[in-house]
Amino acid sequence: MTAGADRIPGIVGARLLVPLVDGRWVPDANLDHAASAPCLTAVQDEVNRFLPWYSSVHRGSGFTSGVSTRVYERARASVRSFVGAGPDDCVLFTRNTTDSLNLLARALPPGTTVFRFSADHHAALLPWRDAEVRRLGMPAGPDDALRLLDAVLAAAPDGPRLVVITAVSNVTGEVWPVAALAEVAHRHGARVVLDAAQLVPHQPLDMTALGVDWVAFSGHKLYAPFGAGVLVGAPDWLEAAEPYLAGGGASALVAEEAGRETVTWAELPHRHEAGTPNVVGAHALAVACDTLAATGWEAITEHERELADRLRRGLGEIPGVRLLGMWGPDHPRVGVVAFTVVDRTGNPADQELLAAVLAAEHGIGIRHGAFCAHQVVRHLVGDTEGPSRALRASVGLGTTPEHVERLLTALAGLLSEGPRWTYKHAEAGWAPVPDPREEPDFLR
Ligand SMILES: Cc1ncc(COP(=O)(O)O)c(C=O)c1O
């Protein structure tokens with residue numbers, strides 16, 4: 001048990017057993033929290049409590065519709081408080097971080113210049129392709145990031161400016177100097193949007209104190225896997241923009257004149273929430289925010305720091321493993337660790353095969369590939385270790401010290417002795433052959 005473990009909230013599936021190819025069942029070692037975190041039991045319980053009352057939002061006259069509308073609108077207050085938003089900031093429910101950043105990209109005033117680093121996740125990197133984009137490359141360190149931004153903003157054209165900042169790298173877990181970057185941005189009259197997808201599950205966020213204008217994150221990375229995300233922040237650009245999605249809910253009045261529709265669009269927040277809102281997702285996300293806030297960040301960070309330190313140290317001690325990082329081993333980070341592996345002959349190991357063996361023979365779930373952040377993985381892996389691919393292990397509230405130890409032992413054994421089963425590469429990737437593992441009954 002970690003020092004903070006007795007204070008952290010319960011996780012659905014904490015005692016789940018998964019099958020191995022040799023016929024044994026072992027506790028699931030989910031070391032892939034950075035992709036999607038498991039559901040909090042508080043979220044599951046509150047969703048179950050709400051479901052009998054579930055009905056249409058903003059539409060029906062029935063009592064349950066009123067309850068659902070209140071639940072949906074109340075969820076905004078939980079999110080607002082969770083991120084330290086100001087009273088005038090709007091809280092918009094979206095599908096996820098990607099959706100939130102694309103929504104903001106559609107609301108940029110004409111002539112906006114967007115500034116972004118190349119280390120970002122594709123969700124933060126790609127939505128601005130219709131705007132004038134200034135690419136800031138890969139900073140050599142936090143000070144370099146500040147210098148780069150300062151120089152590029154000083155030379156940028158007049159007009160609206162938006163700086164995109166990723167709070168925590170989904171590849172290296174490194175924490176970016178958000179407040180300092182926001183200060184530079186504001187000094188040059190730029191707005192700031194923060195991709196907080198990998199920050200909010202691990203550390204408190206106070207967007208007002210950080211000086212960021214918008215934040216975006218996903219419920220499924222925050223222990224609320226019910227399909228909701230948020231964009232929170234300044235209303236002005238959003239209320240001046242055409243709705244992100246045209247449709248019901250976003251429109252206050254629709255008529256037809258001279259053979260075409262005339263539409264009066266709704267005010268915020270409905271203006272950018274067209275279609276039937278995901279009230280269950282919004283409720284789940286709000287419960288997760290309230291639960292983490294009530295737990296206290298000290299317990300969460302204590303629990304995760306111990307796991308992350310052991311994970312990094314243990315991986316670093318395995319011959320052939322190289323940890324990936326942009327800014328050195330002592331830079332502050334959360335429990336997301338990407339690494340590459342070379343085999344006993346010094347050649348790059350097949351990262352995908354390693355991940356498949358860890359799952360099939362040890363019940364361990366990690367991630368392999370380029371993590372939707374191709375540029376930073378290419379930058380960190382380089383050409384010397386084969387295709388720009390890596391492995392990533394990440395911890396969270398569902399992680400135990402045994403999960404971490406199991407990964408370290410299994411990976412060390414695998415690298416010295418090789419797999420114990422046979423594997424074949426098919427279209428979908430490496431798979432054990434034969435694969436006797438039974439799927440859960442609801443899939444049969
Ligand atoms: C830093 C970061 N930003 C954005 C995203 C995109 O999140 P989503 O897939 O929930 O939209 C991710 C997902 O991995 C991420 O790690």
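The values are calculated or read from the model by the stated rules, or taken from the named source; none is laboratory data. Since we're looking at a predicted model, the values are computed, not measured. As a convention, Cβ positions derive from the backbone with ideal geometry for all residues, glycine included, and neighbour counts pool all protein chains shown. Surface accessibility is based on the protein's heavy atoms, side chains included, excluding ligands, DNA and RNA. Shrake-Rupley method; radii C 1.70, N 1.55, O 1.52, S 1.80 Å.
Just one of (1) within 21 Å of the chain's Cα centre (by Cα); (2) more than 26 Å from Trp53 (Cα to Cα) fails for Asn278. It is (2). Restricting the range 120-138 to residues that are among the hydrophobic types (A, V, I, L, M, F, W, C) and within 11 Å of the ligand (Cβ to nearest atom), the residue that is nearest to Phe371 (Cα to Cα) is Ala123. If you go through the range 29-83 and pick out every residue that is over 20 Å from Thr400 (Cα atoms), assigned to a helix (DSSP H, G or I) and not hydroxyl-bearing (Ser, Thr, Tyr), you end up with 25. Counting the residues of the range 419-438 that are part of a loop (DSSP other than H, G, I, E, B), under 15 Å from Asp350 (Cα atoms) and touching a residue at least 24 places away in the same chain (Cβ under 8 Å) gives 1.
Any residue in the range 379-388 that is at pLDDT 95 or above, under 27 Å from the mean Cα position of the chain (by Cα) and surrounded by fewer than 15 Cβ atoms within 10 Å (Cβ to Cβ)? The answer is no, given that none of the residues of the range 379-388 is at pLDDT 95 or above, under 27 Å from the mean Cα position of the chain (by Cα) and surrounded by fewer than 15 Cβ atoms within 10 Å (Cβ to Cβ). Listed by first and then second residue, the pairs linking a residue in the range 47-62 that is free of Cβ contacts under 8 Å to residues at least 40 places away in the same chain to a residue that is open to solvent by 80 Å² or more (accessible area, probe 1.4 Å) and part of a helix (DSSP H, G or I), with Cβ atoms under 9 Å apart and 6 or more places separating them unless they lie on different chains, are Trp53/Phe63; Ser55/Phe63. Against the conditions (1) more than 14 Å from the ligand (Cβ to nearest atom); (2) in the same structural domain as Gly141 (by TED's automatic domain parsing); (3) open to solvent by 20 Å² or more (accessible area, probe 1.4 Å); (4) not charged (D, E, K, R), Asn96 satisfies every one except (1).
Rundown of residues vs (1) over 22 Å from Asn96 (Cβ atoms); (2) in contact (Cβ under 8 Å) with a residue 60 or more places away in the chain, yes/no style:
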residue	(1), (2)
Ser218	no, yes
Ala228	no, yes
Val232	no, yes
Ala246	no, no
Leu268	no, yes
Gly296	yes, yes
Glu304	yes, yes
Gly320	yes, yes
